[in-house]
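This report refers to the structure that appears directly beneath it.
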Amino acid sequence: MTLGKEEKTPAVTEDGGYLPGTHPDLPPPSSVHGPVHWIKVNLFGSVVDTALTLLAVYFLYSALTFLVGWMFINAAFTGESRNDCRAVADGACWAFIGNRLSLFIYGFYPEPERWRVDLSFVLLILAIVPVLYEDMPQRGKALTYSCLYPLIAAWLLVGGFGLEKVSTDQFGGLMLNVVIGVTGIAFSLPIGIVLALGRQSQLPIVRILCVSFIEIIRGVPLITLLFVAAVMLSYFVPPGTNFDLLVRMLIMVTLFASGYMAEVIRGGLQAIPNGQYEAADAMGLKYWQSMRLVVLPQALKISIPGIVNTFIALYKDTTLVIVIGRLDILGIGNSSLADTKWQGLSTEVYIFVALFFFFSCFSMSRYSLWLEKKLHTGH
Amino acid sequence: MADTESRTETDAQIESSKGEDDIIKIVAMHKWFGEFHVLKDINLTIKAQERIVVCGPSGSGKSTLIRCINRLEEHQKGQIIVDGIELTNDLKNIDLIRREVGIVFQHFNLFPHLTVLENLTLGPIWVRNTPKKEAEELAMKYLVRVKIPEQAAKFPGQLSGGQQQRVAIARSLCMNPKIMLFDEPTSALDPEMIKEVLDVMIELAETGMTMIVVTHEMGFAKTVAHRVIFMDEGEIIEQNEPHEFFNNPRHDRTKMFLSQILAH
Ligand SMILES: Nc1ncnc2c1ncn2[C@@H]1O[C@H](COP(=O)(O)OP(=O)(O)OP(=O)(O)O)[C@@H](O)[C@H]1O
Ligand SMILES: [Mg+2]
């Protein structure tokens with residue numbers, strides 16, 4: 001760039017300006033850019049600014065030193081009771097979490113069978129990779145595996161067909177959150193897409209069904225739906241048959257998220273100009289082809305922030321299973337506080353649970369930002 | 001530019017074919033948007049390889065007319081027969097006709113999430129079941145024809161308006177249509193890009209493509225069209241071959257329209 005410009009020798013006029021057409025590219029004046037300038041203007045622009053900046057720095061400093069001290073420097077990582085912790089340090093007692101870690105992760109899943117949970121976690125990660133990375137080789141085959149994963153995981157976790165059966169009553173802890181969260185996420189997106197398309201359908205019956213479904217789901221709190229799942233759904237199945245409570249919850253959570261998902265996607269669909277539908281029609285694409293190849297890729301891209309928002313909300317809502325007596329990671333934490341050996345450690349427990357959710361949700365949100373950037377094609 | 005020689009040649013072909021190769025036949029066709037009577041008693045016959053320019057004031061129904069030909073709009077009365085197939089509610093007929101008819105829109109309507117090459121291969125691959133490699137070769141052939149093979153890997157958003165419209169033309173041509181419809185293909189373009197698109201259209205005309213072009217580019221109409229149609233308030237007011245149409249308009253509304261459009 002500069003090479004090309006150098007050939008244009010700037011011709012200077014008598015009063016110090018340049019002749020027309022010979023003005024060189026100059027760097028911006030140093031006073032309007034650079035970090036030093038930014039700090040000067042934004043942090044120390046006036047007496048009040050300076051005072052506020054110093055005050056904020058002081059608070060940040062004391063908060064951070066306290067937190068780091070409590071969480072790491074003065075923390076106890078080993079011990080068999082709260083007293084063991086207090087004997088060595090007056091900060092956080094992480095020994096408690098370490099002591100209960102398997103309970104936090106597996107709930108009441110029978111110990112000799114826990115490898116099945118581990119294996120399904122590993123397989124889950126392998127199933128997520130092809131969904132997230134569009135450029136991976138052999139993606140088609142890998143995606144088939146991803147689609148089969150829910151079945152594989154269900155078999156691994158519940159058992160049968162050669163594996164020892166594990167009742168879903170014994171599911172708990174982080175694993176329960178992941179099972180509900182992943183099921184909800186995996187199924188609410190396709191159901192949401194179908195509902196959103198149905199809401200735009202030319203056929204009045206389809207449209208009315210979709211609209212009523214979405215509005216009913218959105219008009220009722222999730223807790224209510226979970227109570228319905230726990231109590232009422234059993235009226236609808238023939239007496240004697242056992243409709244697993246966890247499955248009922250999975251269905252409710254998925255339907256709940258689908259209702260929201262449908263509205264998020266409808267927003268994306270509405271942003272697609274009519275010309276796109278017309279160009280696809282004129283080309284001779286069938287309805288489902290033009291949706292899949294032309295409309296949805298664009299609509300979903302626009303909807304990414306809303307979709308991920310729904311995912312995150314769903315993931316956090318998995319803790320609501322506590323209302324029907326299932327102990328997820330938060331429930332396990334709560335109940336372990338009752339142990340007299342470890343009394344008064346609620347801060348540690350809640351920080352642990354919060355960190356688990358924070359890192360799960362934060363990675364989802366980072367991924368969505370990355371994806372948005374990647375899919376940006378200059379439009 | 002279309003040399004007069006090639007034109008008289010196609011003229012002769014059209015003379016010689018007496019009606020049997022009417023590729024589009026519109027008979028007593030009416031269309032309403034709700035209560036609004038937008039097209040009134042349209043009768044129009046177009047022969048294979050004929051090139052028609054449609055003009056008329058804004059809102060006169062030009063776009064609606066050509067969009068009826070490939071069923072982007074539905075007519076309520078009368079007949080539209082394209083290449084021997086009548087447009088009815090029968091989805092199979094609509095499909096057949098859409099395979100024969102390409103359309104180029106004012107605002108290009110390229111698919112922004114696909115590269116130029118993918119835009120061009122989408123139709124051949126999914127509608128015509130062409131193998132991917134073959135479809136790509138076909139696409140490159142048409143990109144060369146519209147003079148932008150080097151842009152194949154870019155996304156539409158990275159191209160200029162003129163380039164985008166040429167991609168749109170190539171995309172339609174990839175479907176190997178018998179008829180091309182153009183709805184004001186240059187009116188969303190900056191002046192310096194109009195020529196590059198018109199040049200591509202003129203070259204297309206020289207290949208003998210049947211074309212119906214809605215445009216206000218009167219220079220294009222004069223050199224390329226066999227027939228110019230003037231529409232106002234949903235009716236075909238006047239149609240004639242270009243020389244007569246411009247030098248000797250019969251109808252007062254045509255005269256007024258021409259004086260307005262040629263004034264600037
Ligand atoms: N989908 C629609 N619903 C209702 N009215 C419409 C619709 N599309 C077009 N119209 C109306 O039909 C009339 C004809 O529209 P059309 O687009 O065919 O005009 P045009 O001749 O192409 O005009 P322009 O030169 O502005 O493109 C206009 O009055 C327009 O407002
Ligand atoms: Mg128009």
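Laboratory data are not the source of any read-out in this text; all were calculated from the coordinates shown. Just so you know, these numbers come straight off a predicted model, no measurement behind them. So basically every Cβ, Gly included, is an ideal-geometry build from the backbone, and we count neighbours across all protein chains shown.
Sorted by average packing, counted as other Cβ atoms within 10 angstrom per residue and highest first, what order do A:180-186, A:142-148 take?
Per-residue mean Cβ counts within 10 Å order the peptides as A:180-186, A:142-148.
To the nearest 20 Debye, how big is the dipole of the stretch A:111-165 about its Cα centre, given +1 on the beta carbon of each Lys and Arg and -1 on that of each Asp and Glu?
That gives the stretch A:111-165 a dipole magnitude of about 140 debye.
Averaged over its residues, how many other protein chain Cβ atoms are within 10 Å of peptide B:108-117's Cβ atoms?
5
Rounded to the nearest 10 degrees, what's the angle between the helix B:161-173 long axis and the longest principal axis of chain B, both from Cα atoms, 0 to 90?
Tilt relative to chain B: about 90 degrees.
Suppose every Lys and Arg Cβ carries +1 and every Asp and Glu Cβ carries -1, with no other charges. What dipole size does the protein assembly as shown come out with about its Cα centre, to the nearest 20 debye?
With Lys and Arg at +1 and Asp and Glu at -1, about 1700 debye.
Of A:Gly79, A:Met232, A:Gly21, which is farthest on the positive side of the dipole of chain A, counting Cα position, with +1 on Lys and Arg Cβ, -1 on Asp and Glu Cβ, and the Cα centre as origin?
It is A:Met232.
Quick one: if the Förster radius is 41 Å, what FRET efficiency do B:Ser58 and A:His376 give, using the C-beta to C-beta distance and rounding to 0.05?
About 0.70, to the nearest 0.05.
Can you find, among A:Phe356, A:Leu143, A:Ser212, the residue farthest towards the positive end of the dipole of chain A? Put +1 on the C-beta of Lys and Arg, -1 on that of Asp and Glu.
Final value for the positive-end residue is A:Ser212.
Give me Rg/Rg_expected for the protein assembly as shown, where Rg uses Cα atoms only and Rg_expected = 2.2 N^0.38 Å with N residues.
Ratio of Cα Rg to 2.2 N^0.38 Å: 1.34.
Using modelled amide H (1.01 Å from N, peptide plane; none on Pro or chain starts), what sits under 5 Å from the amide H of B:Met211, excluding residues fewer than 5 places away?
Amide H neighbours of B:Met211, under 5 Å, 5+ apart: B:Glu50, B:Arg51, B:Ile52, B:Met180.
Would you work out which of A:Gly162, A:Pro112, A:Leu132 lies farthest towards the positive end of the dipole of the stretch A:111-165? Charges go on Cβ: Lys and Arg +1, Asp and Glu -1.
A:Gly162
Per-residue ellipticity at 222 nm for chain B, helices alone: DSSP H runs ≥ 4 residues times -39500 (n - 2.57), over residue total, nearest 500 deg cm²/dmol?
Counting only the DSSP helices, I get -12500 deg cm²/dmol.
At a Förster distance of 51 Å, what's the computed FRET efficiency of A:Asn242 paired with A:Phe66, Cβ-Cβ distance as r, to 0.05?
0.45
Can you give me the relative contact order of chain A as a percent, contacts being Cα pairs under 8 Å and 6 or more apart?
With pairs under 8 Å counted, the relative contact order is 15 percent.
Please list, or write none, the lysines whose alpha carbon is within less than 16 Å of the alpha carbon of A:Lys373, excluding same-chain residues fewer than 8 places away.
A:Lys301
Which cross-chain or sequence-distant (5 or more) residues have an amide H under 5 Å from the amide H of B:Asp83, H modelled 1.01 Å from N in plane?
The answer is B:Ile24, B:Lys25.
If you average over every viewing direction, what projected area does the convex hull of the Cα atoms of chain A give, in nm²?
Average of the hull's projected areas for chain A equals 33.0 nm².
Using only atoms on other chains, find how many Cβ atoms lie within 10 Å of each Cβ of peptide B:120-132 and report the average.
Counting other chains' Cβ atoms within 10 Å and averaging over B:120-132 gives 2.
About the Cα centre of the stretch B:124-195, what is the dipole size in debye to 20, counting +1 per Lys and Arg Cβ and -1 per Asp and Glu Cβ, all else neutral?
That gives the stretch B:124-195 a dipole magnitude of about 300 debye.
Work out, step by step, the length gained on full extension between A:Leu163 and A:Asn309: first 0.36 nm times the residue separation, then minus their alpha carbon distance; give nm to one decimal.
Contour length minus the Cα-Cα distance gives 48.9 nm.
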